[in-house]
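Colleague: Attaching a single structure in C-alpha cells format; questions to follow.
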Amino acid sequence: MAVRPDPEVGFRRPGDHLRASRMVERRVFVQALPRTVWRTLHDPACAALIYPELRLGPAAPSWPAASTTRTARAQVGLLRERAQVESLEARPESTFRLRATGSGFESEWLWRLEPVAGGTRVVHVGSFEPVDRWSSILVRLGRSSLASRVESHLRVLKERAEAAERSSLA
C-alpha cells in the first residue's frame, strides 16, 4: 500500500480519513476531584445513564481491572445485539479504556482524568466501527452520531460527579 506525504500531518495511507471520521474526542471540566469522577464512572447505579447504548451485565469482583470482561446488550441506532465488554486499561483516578465488541461492530471508549484547578479535566475519546454494510445502515437509521453519544457520556458524568462532590462536602 502506497504512503503519500501530506504537508500538514506527515504520511497518510489510503483510507486514513475514514478511520479518523469514526473517532471523536471531547473535553469537559468537572468541578470534582479525580477520585470522585472515577467513582462515578464505575458506579453501577450510574452505568445505565453514562452508557445508554450498553446494558451492562453483572460485573466480576475485579471490574474495572484491565482484562476483565463482562457481557452487555448493545443498542446503537437500530442495531441491537449482544456484546462483550473488556476493560483494556484501568489506572485509578487517571485513565480508563474499554472495548465493546458485538458481531456487527467494535467500539472503544477512553476516559483520561487530569487534575486541574481544584477539579478534573475529563478527556473522552470514542470510536465506533461497523463490521459490515448492514450494521452501518442500522446504526445510521438511528440518527444518533458518535459525537452525540460521546457528549452525552460526558454530560451525565459531569452532572453525577459534581452532585456526588457536593453531597460529600455537605
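Colleague: Quick check on the exposure proxy: order ARG143, ARG121 from fewest to most C-beta atoms within 10 angstrom.
Modeller: Arranged by neighbour count, lowest to highest, ARG143, ARG121 become ARG143, ARG121.
Colleague: Extension gain ALA66-ARG26, at 0.36 nm per residue separation less the Cα-Cα distance, in nm?
Modeller: Contour length minus the Cα-Cα distance gives 12.1 nm.
Colleague: Run the helix sum for the chain: -39,500 (n - 2.57) per DSSP H stretch of 4+ residues, divided by residue count, reported at 222 nm to the nearest 500 deg cm²/dmol.
Modeller: -9500 deg cm²/dmol, from helical runs alone.
Colleague: Shifting gears a bit: The range 32-167: percent of C-alpha pairs farther apart than 19 Å?
Modeller: 49 percent
Colleague: Then there's this: For the pair ARG155 and SER103, how long in nm is the line joining their label points, each one 7 Å along Cα→Cβ?
Modeller: 3.3 nm
Colleague: Multiply the residue separation of SER148 and ALA59 by 0.36 nm, subtract the distance between their alpha-carbon atoms, and state the gained length in nm to one decimal.
Modeller: Value of the extension gain: 29.4 nm.
Colleague: Quick check on the exposure proxy: order ARG133, ARG35, ARG91 from fewest to most C-beta atoms within 10 angstrom.
Modeller: ARG133, ARG91, ARG35
Colleague: Picking from ALA48, ALA74, ALA32, which is most flexible by a Gaussian network model of the chain using Cα springs under 10 Å?
Modeller: ALA48
No lab work stands behind these numbers, since they all come straight from the coordinates. Only a predicted model underlies this, so the values are computations on that prediction, with no experimental measurement involved. As a convention, Cβ positions derive from the backbone with ideal geometry for all residues, glycine included, and neighbour counts pool all protein chains shown.
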